[in-house]
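What follows is one structure encoded as structure tokens, with my remarks underneath.
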Amino acid sequence: MEALALELRAEVGLTYDAPFDPYRLCSDYGVPVYPLEGLSEFGCPADAIEYFTLLRPGKWSAALIPHGTARFIVENTAHEPVRRRSNVTHEVGHLILEHEFDGALLTDEGCRKMNAQAEKEAVYLSAELLVPKKAAIRAAFAGHDNARVAREFDVSERFAQWRMDASGARRIAQRSRARS
């Protein structure tokens, strides 16, 4: 996944240490991204939009939707821009990885039906796209805190902390320093 993420970044003219723009990748791949509020013109009930944007915005982030052979993404614009970038990157990850749709997006109980392995793969690819391991290691060696990593890669501080921990970047830098 690391190599694939770096290849995708190169496709849009980015090095490993530049902020990633998922909307640019979506545009390049012909995948439109629509705001949840825009679904009202297609018959989505106003109370459903209000529920996900005002009452319970944390309940739903984004989805990659099949439409014939095409795909589009619907995102919850009630989220902060850094969260939206993460959401869209995750959803376009499903497209890049050619994940199959296993049926309905929602079960009869109203819960999202997800393939656990496909979700793990999309999480890993989106993390590599937003903050590549190589960049995380560089940031760890430079002593950057989560706030600085977040600013440099246009992600939330929470995402930056998770990425620095999950990539092992700080452990790598710490062990290297201990051997010196």
Discussion item. For the range 150-170: of the residues being more than 15 Å from Lys134 (Cβ to Cβ) and free of Cβ contacts under 8 Å to residues at least 40 places away in the same chain, which is most open to solvent (accessible area, probe 1.4 Å)?
Written reply: Arg158
Worksheet item: Is one or more of the residues making up the range 80-87 modelled with pLDDT under 95, closer than 23 Å to Glu128 by Cα and in contact with a helix residue (DSSP H, G or I) (Cβ under 6 Å, 6 or more places away or on another chain)?
Response: no
Discussion item. Which condition from (1) touching a Lys or Arg at 6+ places or on another chain (Cβ under 8 Å); (2) under 18 Å from Glu80 (Cβ atoms) is the one that Val12 breaks?
Written reply: (2)
Practice prompt. Can you work out which of the residues in the range 16-51 that are in contact with a helix residue (DSSP H, G or I) (Cβ under 7 Å, 6 or more places away or on another chain) and under 18 Å from Lys133 (Cα atoms) is surrounded by the fewest Cβ atoms within 10 Å (Cβ to Cβ)?
Written response: Pro19
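The values are calculated or read from the model by the stated rules, or taken from the named source; none is laboratory data. Keep in mind that this is a model prediction, so the values were computed, not measured. Cβ coordinates were reconstructed from backbone atoms using ideal geometry, including for glycine residues, and neighbour counts include every protein chain displayed. Please note that ligands, DNA and RNA were not included when accessible areas were found on the heavy atoms of the full protein model with its side chains. Shrake-Rupley method; radii C 1.70, N 1.55, O 1.52, S 1.80 Å.
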